Amino acid sequence: MQNDKKIKLAVDATCVKHGKWLRLLGFDTEIIKGSIAFEKIRGRILITRNKKLKRKFKNNILFLPEMPFWDALNFIIQMLSLEESLNPFTRCSLCNEEVVSISKEKVKGKVPHYVYETHDIFYTCPKCNKIYWQGSHYEKFLEDIRKKIKIDI
């Protein structure tokens, strides 16, 4: 559909889980929970299971058929040719902002003591201030991607 490294996506309420995973994979993904207006998706590809939206927007839309979650995520990645553009953990899973590196000293007292003692590399979201590190969730995520999406990252 779009062969751009800086692809921008939007998901509606029917695809929120997919949107969160697309963010984790590094894609600029707006999660729209309310009514969808043209201005909310301007410049983005809308991913939806809503047939009315499929008819309303026509262009820049990926209609997601009913299928199990992992099959659906694979479908999105293949249909939008996203395989080469994956950049995991570069966006905030909460607000979609790009995360930035932060020094260990700056996270002291803001992360659990054990995490502070066992990790040296941290990232933060400049918008919502969420702090990230490569803990067990990180490893589980990479394992899921390798096994269920069959992409080596």
If we sort 130-137, 15-22 on the protection proxy, mean other Cβ atoms within 10 Å, highest first, what's the order? 15-22, 130-137
Can you count the Lys pairs in the stretch 100-149 whose Cα atoms are under 29 Å apart, with each pair 8 or more apart or on different chains? 17
Share of Cα-Cα pairs in the chain beyond 28 Å, whole percent, is 25
What is the pair-distance distribution P(r) of the stretch 100-149, computed from all Cα-Cα distances in 10 Å bins starting at 0, with each bin given as a whole percent? 24, 47, 24, 5
Just to be sure I understand: of the beta bridges DSSP finds with both ends in the chain, what percent are antiparallel, rounded to 5? 40
I need the Kirkwood Rh of the stretch 8-85: take the reciprocal of the average 1/r across all distinct C-alpha pairs and report it in angstrom. 12.4
Whole-Hz ³J(HN,Hα) for each residue in the stretch 99-104, computed from phi via Karplus 6.51 cos²θ - 1.76 cosθ + 1.60 with θ = phi - 60°, x for glycine and proline: what do you get? 7, 10, 5, 9, 5, 4
Once both labels are modelled 7 Å past Cα along the beta-carbon direction, what's the Lys8-Ser35 spacing in nm? 2.2
With a 10 Å Cβ neighbour count serving as the proxy for reagent exposure, in which order, fewest first, do Asp28, Asp120 appear? Asp120, Asp28
Which value in nm describes the separation of the simple spin-label points at Gln78 and Cys95, placed 7 Å from the Cα toward the beta carbon? 3.7
Can you list residues from other chains, or at least 5 along the same chain, whose modelled amide H is less than 5 Å from the amide H of Arg49? Thr14, Leu64
Near the amide H of Phe122, under 5 Å away, which other amide H atoms are found, from residues 5 or more places off or on another chain, if H is placed in the peptide plane? Ile102
Sequence-distant or interchain residues sharing an amide H contact under 5 Å with Val99, placed H: which? Arg91, Cys92
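None of the figures in this text is laboratory data; all of them are computed from the coordinates on show. In this text the structure is predicted, and so the values were computed from the model without any measurement. Don't worry about glycine lacking a Cβ; one is built from the backbone with ideal geometry, like all the others, and counts go over all protein chains shown.
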